[in-house]
1. With just the Cα atoms of the stretch 65-123, tell me how far they stretch along each of the three principal axes, in Å, largest first.
2. Would you calculate, for the chain, the mean residue ellipticity at 222 nm contributed by helices, counting each DSSP H stretch of 4 or more residues as -39,500 (n - 2.57) and dividing by all residues, to the nearest 500?
3. Please give every one of the lysines within straight-line cross-link reach of Lys69, meaning a C-alpha to C-alpha distance under 29 Å, and leave out same-chain neighbours fewer than 8 residues apart.
4. What percent does the relative contact order of the chain come to when contacts are Cα pairs within less than 8 Å and at least six residues apart?
5. With the cut-off at 1.5 for a/c, could you classify the stretch 1-62 from its C-alpha gyration tensor as rounded, prolate or oblate?
6. Let me know the charge dipole size of the stretch 1-62 about its Cα centre in debye, to the nearest 20, where only the beta-carbon of Lys, Arg (+1) and Asp, Glu (-1) is charged.
7. Quick one: dipole size for the chain, taken about the Cα centre, charges +1 on Lys/Arg Cβ and -1 on Asp/Glu Cβ, in debye to the nearest 20.
8. Sort the chain into rounded, prolate or oblate with this rule: let a ≥ b ≥ c be the square roots of the eigenvalues of the Cα gyration tensor; rounded if a/c is under 1.5, and if a/c is not under 1.5, prolate when a/b is larger than b/c, oblate otherwise.
Amino acid sequence: MKKSSFVAMLLGTVSGVFFALGMCMALLPEWGMRNQGIICGAVGMVLMLITVGIWRKMEGKAPIRLSGKTIGATLLGVLGALLLGVGMCLSMVFSKMLLGIVVGIIGIVVLLLLIPLLKGLHD
């Protein structure tokens, strides 16, 4: 394993734990830790962004340039993830199985659209 991959894996795990714990703290009213959860989740997101920068620097890659394509792909990824999550919630929480499956499949299709958008179609 390359050193850069190990560092990215380690930092990604730490940031993911911070983010997940923060979301649990913020979204579970039984815990009563909404403000602390928001802070913890924000720390996790900042660590994720730092991880990407560190990994790219260790790999010798150029910094990410913001373009219309980058922003569009990000928004499409967020939309697909939200649709998939809403579909899961409809199925598991609200007992609307058929609607949840349909919304979840639409989310998966939106996420699959990212592949040709970012990599293109080749022969």
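1. 42, 28, 10
2. Result for the chain: -27500 deg cm²/dmol, rounded to the nearest 500.
3. Counting by Cα, and skipping residues close in sequence, Lys69 has these lysines nearby: Lys57, Lys61, Lys119.
4. 18
5. Since a/c reaches 1.5 and a/b is larger than b/c, the shape of the stretch 1-62 is classed as prolate.
6. 360
7. Using only the charged Cβ atoms, the result is roughly 420 debye.
8. Taking the square roots of the gyration eigenvalues as a ≥ b ≥ c, the chain is oblate.
None of the figures in this text is laboratory data; all of them are computed from the coordinates on show. Everything quoted here is computed from the prediction, not taken from an experiment. In this analysis, Cβ positions are derived from the backbone assuming ideal geometry, glycine residues included, and neighbour counts consider all displayed protein chains.
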